[in-house]
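The values are calculated or read from the model by the stated rules, or taken from the named source; none is laboratory data. Remember, predicted model here, so these are calculated numbers, not experimental data. Here the Cβ positions follow ideal geometry from the backbone for every residue, glycine too, while neighbour counts run over all protein chains shown.
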Amino acid sequence: MIKKYLMTPGPTQIPPEVLLAGAQPIVHHRTAAYSAIFSRVLENLKHVYQTENDVLCFTSSGTGAMESAVVNLLSPGDEVLIASCGKFGERWRDLAGVYGLVHDYLEFEWGRPVEPEDIEKALRSSANYKAVFVTHSETSTGAVNDMQAIGAIVEDSDAVLVADSISGMGSAELKTDAWQVDVVVAGSQKALMTPPGLAFASVSDKAWAMAERSKLPKYYFDWRKARKALAAADPQTPYTPAVSLIAGLDAALALIREEGLEKLFHRHRVMGRACREAVKAMGLELFSPDDDRSSSVTAVRVPEKIDDKQLRRLTRDKYGVQLAGGQGPISGKIFRVGHCGYYNYSDIVVALSAMELALRELGFQVDPGAGTARAEQIFGEEGI
Ligand SMILES: Cc1ncc(COP(=O)(O)O)c(C=O)c1O
């Protein structure tokens, strides 16, 4: 028997309360009973988003909400700016290409955050941008972008700021309203501790004004239809929602409310710091930036002479710990430890311990406990 620890940055482990809520008999989605659950979900999502804006809810993976932002804000031929520092930043470029948008692509080194000053320079050089697209938490590298600084820059322009916080929402703080982020996209399967299948988009007044003029084709992801259904006395979605996932999300958001946002973000910050410090103490090299914002995922360079697939197979099949590999050009060069969502300090120790054991078995020199001891020291320093 092998006890399993899913330590990937999505999908993530699901609390038993959420699994049980999702296993209840189906409530019909055109009833007051469903609307009561859905209203609570919307209210609690706004709390985590730290926004008074509408938060729209779609039955899709996170990419659906990304696509919804493109097709609802823009018209054919519009100019947009994309600031990317990894695999998921590329997705904004792909979407802009598919929909015939004129796009300028600012590419930053993978493993580093984007430079807000470069966004400022680009916005100064052209007044035509209708939207700026950024990834909040770049899951492929662990880098978390400074949305506060970027929000302050974009706010002064006519463009709307769109952030992909699919792996950040609920683990790396994003103050949607205070930081003036017009559209924030998220998904259920990461720090929101719910199975995959739900996606969200918050929409500011500035973004709604742009949406009113948008001419790109849309049907399922039409924000105006979603807003109309939300505004009904019994809030709904235009089409059949994933009722069981909404029930699960309701339970997950209740857990988040119970913990409180301050403690939630503190827990993630400490897990991220402990993981980074432990990795360094094991003689490994970080790929993620070594900063406290990077609290959702820790990316680590695969040491020379170690085969990434073999390493991750060993941690999974022998020690039960599933880690994630690298994506795109960094496939085989890094591995990633996910710690966004239903994770605690002891989970970090388990993941580090599996890494130490597997690395030693593959011939990498690391003292037993080098990483776990360092993580425990950090927990001590942080008053855990
Ligand atoms: C930052 C980021 N953006 C986009 C996506 C794509 O989301 P999905 O696979 O739910 O469509 C992911 C998923 O890993 C992500 O982490």
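So the values come out like this:
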| read-out | value |
| --- | --- |
| Residue list for region 92-102, restricted to those being in contact with a Phe, Trp or Tyr (Cβ under 9 Å, 6 or more places away or on another chain) and crowded, with 20+ Cβ neighbours inside 10 Å | 92, 95, 96 |
| Residue, surrounded by the most Cβ atoms within 10 Å (Cβ to Cβ), within region 193-222, restricted to residues that are touching a strand residue (DSSP E or B) at 6+ places or on another chain (Cβ under 6 Å), more than 14 Å from residue 60 (Cα to Cα) and not polar (S, T, N, Q) | 203 |
| Members of region 352-384 found to be aliphatic (A, V, I, L, M) and in contact with a Phe, Trp or Tyr (Cβ under 7 Å, 6 or more places away or on another chain), listed by number | 354, 357, 358, 384 |
| Number of positions in region 50-67 that are under 24 Å from residue 143 (Cα atoms) and within 16 Å of the ligand (Cβ to nearest atom) | 7 |
| Those residues of region 85-105 which are within 15 Å of the ligand (Cβ to nearest atom) and not in a helix (DSSP H, G or I), in sequence order | 85, 86 |
| Selected residue [at negative phi, surrounded by 20 or more Cβ atoms within 10 Å (Cβ to Cβ) and at pLDDT 95 or above] from 27, 80 | 80 |
| Residue 19 being crowded, with 19+ Cβ neighbours inside 10 Å and not charged (D, E, K, R) | no |
| Failed condition for residue 239, given (1) in a helix (DSSP H, G or I); (2) farther than 24 Å from residue 132 by Cα | (1) |
| From the options 121, 190, residue that is assigned by TED's automatic domain parsing to the domain that holds residue 22 and surrounded by fewer than 24 Cβ atoms within 10 Å (Cβ to Cβ) | 121 |
| Lone unmet requirement of (1) out of contact with any helix residue (DSSP H, G or I) (no Cβ under 8 Å at 6 or more places or on another chain); (2) closer than 14 Å to residue 66 by Cβ for residue 186 | (1) |
| Whichever residue in region 54-77 is crowded, with 22+ Cβ neighbours inside 10 Å and of a type in the set (S, T, N, Q) and, among such residues, is farthest from the chain's Cα centre (by Cα) | 72 |
| Any chance residue 38 is within 13 Å of the ligand (Cβ to nearest atom), in contact with a helix residue (DSSP H, G or I) (Cβ under 7 Å, 6 or more places away or on another chain), of a type in the set (Phe, Trp, Tyr) and more than 30 Å from residue 289 (Cα to Cα) | no |
| Among (1) touching a residue at least 12 places away in the same chain (Cβ under 8 Å); (2) part of a helix (DSSP H, G or I); (3) within 16 Å of the ligand (Cβ to nearest atom), the one test that residue 82 misses | (2) |
| Extreme residue, farthest from the ligand (Cβ to nearest atom), among residues of region 132-191 that are closer than 28 Å to residue 22 by Cβ and among the charged types (D, E, K, R) | 173 |
| Lone qualifier among 13, 24 - being within 16 Å of the ligand (Cβ to nearest atom) and in a loop (DSSP other than H, G, I, E, B) | 13 |
| Check on residue 260, touching a strand residue (DSSP E or B) at 6+ places or on another chain (Cβ under 8 Å), surrounded by fewer than 20 Cβ atoms within 10 Å (Cβ to Cβ) and over 28 Å from residue 89 (Cβ atoms) | no |
| Leading residue by the ranking (surrounded by the most Cβ atoms within 10 Å (Cβ to Cβ)) among those in region 132-162 that are farther than 29 Å from residue 287 by Cβ and modelled with pLDDT of 95 or more | 160 |
| Candidate set from region 192-222 (those that are part of a strand (DSSP E or B) and out of contact with any Asp or Glu (no Cβ under 8 Å at 6 or more places or on another chain)); member that is farthest from the ligand (Cβ to nearest atom) | 201 |
| Residue check, residue 108 within 16 Å of the ligand (Cβ to nearest atom) and more than 17 Å from the chain's Cα centre (by Cα) | yes |
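Residue-by-condition table, conditions (1) touching a strand residue (DSSP E or B) at 6+ places or on another chain (Cβ under 8 Å); (2) among the small types (Gly, Ala, Ser):
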{"residue": "55", "(1), (2)": "yes, no"}
{"residue": "61", "(1), (2)": "yes, yes"}
{"residue": "71", "(1), (2)": "no, no"}
{"residue": "77", "(1), (2)": "yes, yes"}
{"residue": "87", "(1), (2)": "yes, no"}
{"residue": "91", "(1), (2)": "yes, no"}
{"residue": "124", "(1), (2)": "no, no"}
